[in-house]
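Structure first, then comments.
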Amino acid sequence: MNSPRIASVDPGLDRMYKGWPPGASPADAEAGRGPRLNLFASGFLFPVATVSAPALDHNLAVVSRFCANRGVSLAPHGKTTMSPEIIARQLDAGAWAVTAATASQARVFRAFGVERVLIAHQLVDPAAVRWAFDELAADPRTEILALVDSAAAVDAMERALAGWPEGRAINVLVELGASRGRTGCRSVDEAVAVAGRVAASDRLRLVGTEAYEGILHRDGGAFGAVDELLSGLRELVRRLDGRGMFDHLDEIVVTAGGSAYPDRVVALLGGEWAASKPVRLVIRPGCYVTHDSRHYEEFGPFGARPPMDGCERLRPALTVWSYAVSRPEPGLALLGFGKRDASYDVDLPIPTVVRRHGRMRPIAGELEVFRLDDQHAYAKVAAGFDLAVGDVVGCGISHPCTTFERWRAMPLVDESFDVIGAVRTFF
């Protein structure tokens, strides 16, 4: 017996997105075609992850104002969502570039139509280097920036392009790192030497410096390791500028600032530089766009950490909805979602609201997820808390990135949970 090919099972297979009602298409929702859908009234198959349009718009506006008021540029990390719809909103809100973690992600962003991509990564894979070089040759509007942190990385890029046709040089940023950190030169002296190696290349073009402070931890409420790295980055720019290594530029690019410490980056690297050229300071947060319900809410500068002057707090925009499917014993509930549906790499999902018979009521700690299986969440139920099989539970998440990668398309909803668009992902 011959097994049928997958493509022959149903010509509409590409319309079968997880959670969406049978026959409904995220593309139709995004384009405003077809009947208006509602999360709770149109046959969505739970669990479903949603993005709140009001919260999304609020977060975009808050960070856009923050950057404008402090004279910094924004290159949001696109790996958080890998979504053309959200990245388009970020660019419309004034983003200077989009950050990628890999050349593969950068290729996706170029397919979205992003003209300036900052690859916050060393390009030593020959195929990646050649792809970047060819992208620059194919379109004069394209700009690609990548990182180097060693002479060996510079050598690898040059070897990849040996014999390759002439074209525009790849813009590179020398990366400064921290002891026991991740990538990056471990001293300013080392970074100066790497910059000199870049300056001698005819395939690469030195345009500035970079650091990533997000993996460094606070010591209590202090930012010692973070501030030390950022101060080193300022010193690196001063020394490179003093050696004339930026004479060929109109501006010097300096970039740092993930989702955890953009306020420290602006505090230490914003303002006057006394450099020979204007300095463009670029921050690269990604998680701000949907924020979250625990990690960045509790520790981020746009959350519960002492707020920056005049800056509003961000709002959680991402929720995973599921039914309570079982109450097998007192104090225990099983919810109908699991590891296949929600982030659990930093914290487990956080129940925030229960819906019964069309009415919502907030949860204030009465329900706590303590374990996830592939398709089930185990939740402790506080004594006296009324939770029944068939109730719908909305869970916030902690660290949004790994929820996005579990959904090919999520409904974009308004305050009434009417679907006003879709958020597709391309991981």
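What follows is calculated from the coordinates using simple rules that are stated; it is not laboratory data. Predicted model only: the values in this text are computed from it and were never measured. Heads up, the Cβs are rebuilt from the backbone with ideal geometry, glycines too, and the neighbour counts pull from every protein chain shown.
Pairs of Lys residues in the chain are counted when their Cα atoms are under 30 angstrom apart and they lie 8 or more places apart or on different chains; the count is 5. Secondary structure note: in region 115-285, about 5% of the DSSP beta bridges are antiparallel.
Among the listed values [x] 1.16; [y] 1.02; [z] 0.99, the one computed from these coordinates for Rg/Rh (Cα atoms, Kirkwood Rh) is [y]. Quick check on the chain: of the DSSP beta bridges with both residues there, what percent are antiparallel, nearest 5%? Rounded to the nearest five, the antiparallel share is 55 percent. In order along region 118-132, the phi-based Karplus estimate (6.51 cos²θ - 1.76 cosθ + 1.60, θ = phi - 60°) of 3J(HN,Hα) comes to 9, 8, 7, 6, 7, 9, 10, 5, x, 5, 5, 4, 5, 4, 4 Hz; Gly and Pro are listed as x. Computed over the chain with a Gaussian network model linking Cα atoms closer than 10 Å, the most mobile of ALA342, ALA383, ALA193 is ALA383.
Between SER416, SER231, SER150, the residue with the greatest mean-square fluctuation in the GNM of the chain (Cα pairs under 10 Å linked by springs) is SER416. Shown in residue order for region 43-51 are the 3J(HN,Hα) couplings computed by the Karplus curve 6.51 cos²θ - 1.76 cosθ + 1.60 at θ = phi - 60°: x, 4, 9, 6, x, 9, 9, 10, 10 Hz (x for Gly and Pro). Legend: ranking of residues CYS287, CYS401 from fewest to most surrounding C-beta atoms inside 10 Å; resulting order CYS401, CYS287. To the nearest ten degrees, helix 151-160 and the longest principal axis of the Cα atoms of the chain are 80 degrees apart.
What does the charge add up to near ALA383, with Lys and Arg as +1, Asp and Glu as -1, over the other residues with Cβ less than 15 Å from its Cβ? Once all neighbours under 15 Å are counted, the net charge is -2.
At a 10 angstrom cut-off on C-beta neighbours, averaged per residue, how do the peptides 133-141, 333-341 rank from highest to lowest?
333-341, 133-141
The 3J(HN,Hα) values that the Karplus relation (6.51, -1.76, 1.60; θ = phi - 60°) gives for region 223-229 are, in residue order, 10, x, 5, 5, 5, 5, 5 Hz. Gly and Pro appear as x.
The loop-placed chymotrypsin sites (Phe, Trp or Tyr not before Pro) in region 6-112, going by DSSP, that have at most 16 neighbouring Cβ atoms within 10 Å of their Cβ come out as PHE40.
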